[in-house]
Amino acid sequence: MLEDADRRLIRMWQSDPSLSVSELSDQLGQTPTKTARRIDHLTQQGVIEGLGHEVDWAKLGYSAEVSLRVTLDKTQSRAFDDFIAAARKVPEVIEIQTFLGRVDVRLSVIARDMAHYQQLYRTSILTLPHIADIEALMQVAVVKSDVGLPL
C-alpha cells in the first residue's frame, strides 16, 4: 500500500519528471534525505522502475509512425518466439505488443517519410517469419498520451 506522502511524491513527479530530489522535498515539506529514502523504497518495491527520457522522433527526422497489426501462422509452434525475436532486430520497430484474439502482435514502426516506410515494409517487415496477415494503420495524430496514474 502506498502512503499519502508516496502518492503525493509520485503525483508531483508524474506532472514534472525534471524535478530534483531537493525540489520534490521542498514541495513535499520534508528533508531531501527523507525524500531520497522514500524514492529508494518505491524503487526497491518496483513502483518506480527507473527514470527515463522521452525522445521526440519527429525532431530527429522520423515524421511517420505506422501501427502494424499482425496475425501469425499459429500452426507453427515457435511462431510467436521467432517473430518477436526477429522484430526486435528491426531498429525502426519502437514497440512490440502481444494480444489475445484475432490480432496477435502490434508493432509501432517509425520512418523518415512514406518512401522510407515503404522500403522498411518491403525489406524488414514482410521478411519477418510466420506472418499470416498484416494490417497497417497510419498514425494521423496523438490525441492523448499519458502514462501517469490518477493517484
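Looking at the square roots a ≥ b ≥ c of the eigenvalues of the Cα gyration tensor of the stretch 89-151, which shape do they give, rounded for a/c under 1.5, prolate if a/b is larger than b/c, or oblate? Here the stretch 89-151 falls in the oblate category. Calculated FRET efficiency, F99 to D16, Cβ-Cβ distance, R0 = 25 Å: about 0.15 to the nearest 0.05. Shape class for the stretch 48-134: oblate, because the ratio a/c of the largest to smallest gyration tensor axis (alpha-carbon atoms, square roots of eigenvalues) is 1.5 or more and b/c is at least a/b. The helix-only estimate of mean residue ellipticity at 222 nm for the chain, built from DSSP H runs of length n ≥ 4 each weighted as -39500 (n - 2.57), is -9500 deg cm²/dmol after division by the residue total. The lysines whose alpha-carbon is closer than 22 Å to the alpha-carbon of K59, local same-chain residues fewer than 8 away aside, are K144. Modelling each spin label as a point 7 Å along the Cα-to-Cβ direction, I'd like the M1/L51 distance in nm, to one decimal. Between M1 and L51, the simple spin-label model gives 3.0 nm. Shape annotation for the chain: C-alpha extents along the principal axes are 57, 37, 24 Å, from largest to smallest. Rounded to the nearest whole Hz, the Karplus-based 3J(HN,Hα) values (6.51 cos²θ - 1.76 cosθ + 1.60, θ = phi - 60°) of the stretch 60-73 follow the sequence 9, x, 9, 8, 10, 10, 10, 9, 10, 9, 10, 9, 9, 7, with x at glycine and proline.
In straight-distance terms, cross-link reach from K89 covers every one of the aspartates and glutamates whose alpha-carbon lies under 16 Å from its own, apart from those fewer than eight places away in the same chain; here that gives D81. Rounded, prolate or oblate: which one fits the stretch 58-107, using the alpha carbon gyration tensor with axes a ≥ b ≥ c (rounded when a/c is under 1.5, else prolate when a/b beats b/c, else oblate)? Prolate.
Computed from the coordinates by the stated procedures, all read-outs in this text should not be read as laboratory data. Values in this document were obtained by computation on a predicted structure and should not be read as measured data. Every residue, glycine among them, receives a Cβ derived from its backbone with ideal geometry; neighbour counts consider all protein chains shown.
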